[in-house]
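Values in this text are rule-based calculations from the coordinates and carry no lab data. Since the model is a prediction, treat every value here as computed from it, not as a measurement. We place every Cβ from the backbone using ideal geometry, glycine too, and count neighbours over all the protein chains shown.
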Amino acid sequence: MSELLSPDELEAALRAIGKERYHSNHPFHGLLHSGKLDKGQVQAWALNRYYYQSIIPMKDAAILARSSDSEFRRAWRQRIIDHDGTEEAPDGGIERWLGLTDALGIDRGYVTAGAGLLPGTRFAVEAYLHFVSEKSLLEAVASSLTEMFAPAIITDRVSGMLKSYSFVDAKALSYFDKRLYQAPRDANFALDYVKREARLPYQQQQVLKALEFKCDVLWSQLDALYYAYVAPGNIPPGAFRPEAAK
């Protein structure tokens, strides 16, 4: 990029990335949302996705620690509260995700220990944590912009899974209820930030590449799940095997 985009042009470019690359387009999600997975495959998805959920507060703490702007920090720390909960209300996003793995019959200690993870899950999630810790604050914030596209996939996921799977109910999927308003709130804040702070062409390019990277992180997790549990069904040594959770 050699020309500076207007803020609206930058937003349009970001949204175009999401339309093409967001993991809602991955075939694994098509199977999940249409009821074409068995319980063991859904267990594998929930288990591996927990690892991603578990590092979100660490990711946000890394971003928080790098900002010298108290107004920014006050807004951003809400994300940590949303996922970790508080002493008065401990049922944050992580606890609600564990409610899903509980409902699916996976031992909670097994989940929280990170046992049975696919190598692809571990590498992708840890790459994301390294990214937000090592790149510029602008790039770290921009990498969170996948939240712009989250509400649509959440709506499809909840309705599809409730319709298709007898082994989950609304309580098991309660993680997604609050994300329907948390994700747009967080995305709007981050989008305003990058549109304001990306003042030079190279910074705008960094913002776009950061969102592409985050889309790759999410996509690669589903690639790993598809390869191990759908086709060809090659589960790596040490990874979760559905019969082990019964």
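Connecting C-alpha atoms closer than 10 Å in a GNM of the chain, tell me which of 170, 65, 103 has the biggest fluctuation.
Of 170, 65, 103, the most mobile in the Gaussian network model is 65.
Going by alpha carbons, how many degrees (0 to 90, nearest 10) lie between the helix axis of 7-21 and the longest principal axis of the chain?
Between the helix axis and the principal axis of the chain, the angle is about 20 degrees.
Mind telling me which of 175, 193, 226 comes out most flexible in a GNM of the chain, alpha-carbon contacts under 10 Å?
Highest fluctuation of the listed residues: 193.
Report the local net charge at residue 113: Lys and Arg +1, Asp and Glu -1, summed over other residues whose C-beta lies under 14 Å from its C-beta.
For residues surrounding residue 113, the net value is +1.
I'd like the distance separating the alpha-carbon centroids of segment 119-187 and segment 91-111, in whole Å.
Rounded to whole Å, the Cα centres lie 16 Å apart.
For the chain, count all C-alpha to C-alpha pairs, find those more than 22 Å apart, and express that count as a whole percent of the total.
54
Starting from the 7 Å offset along Cα-to-Cβ, what nm value, one decimal, do you get for the label separation of residue 155 and residue 133?
3.7
Exposure proxy check: 223, 69 ranked by fewest other beta carbons within 10 Å?
Taking fewest neighbouring Cβ atoms as first place, the list is 69, 223.
Could you put 148, 58 in order, starting from the residue whose Cβ has the fewest other Cβ atoms within 10 Å?
If I rank by nearby Cβ atoms, fewest first, I get 58, 148.
Given a 10 angstrom Cα cut-off, can you work out which residue in 98, 200, 137 is the most mobile in a GNM of the chain?
200
Within the chain, what's the longest run with no GluC sites (Glu not before Pro) in a DSSP loop and at most 10 other beta-carbon atoms within 10 Å? Give the range, please.
Looking at the chain, 89-246 is the longest stretch - no exposed GluC sites (Glu not before Pro) with at most 10 other Cβ atoms within 10 Å.
For residue 151, what is the net charge nearby, where nearby means another residue's Cβ is under 14 Å from its Cβ and Lys, Arg count +1, Asp, Glu -1?
+1
Once the other residues with Cβ under 15 Å from the Cβ of residue 200 are scored (Lys, Arg +1; Asp, Glu -1), what is the net sum?
0
Could you work out how far helix 175-197 tilts from the main Cα principal axis of the chain, as a 0 to 90 degree angle to the nearest 10?
Approximately 20 degrees, to the nearest 10.
Quick check on the exposure proxy: order 121, 101, 155 from fewest to most C-beta atoms within 10 angstrom.
Listed from fewest to most nearby Cβ atoms, that is 155, 101, 121.
With a/c under 1.5 counting as rounded, go ahead and sort segment 172-231 into rounded, prolate or oblate using the C-alpha gyration tensor (a ≥ b ≥ c being the square roots of the eigenvalues; past the cut-off, prolate if a/b is larger than b/c, else oblate).
Verdict is oblate for segment 172-231.
For the chain, what is the mean residue ellipticity at 222 nm derived from helices alone (per DSSP H run of n ≥ 4: -39500 (n - 2.57); sum divided by total residues; nearest 500 deg cm²/dmol)?
For the chain, the value works out to -22500 deg cm²/dmol.
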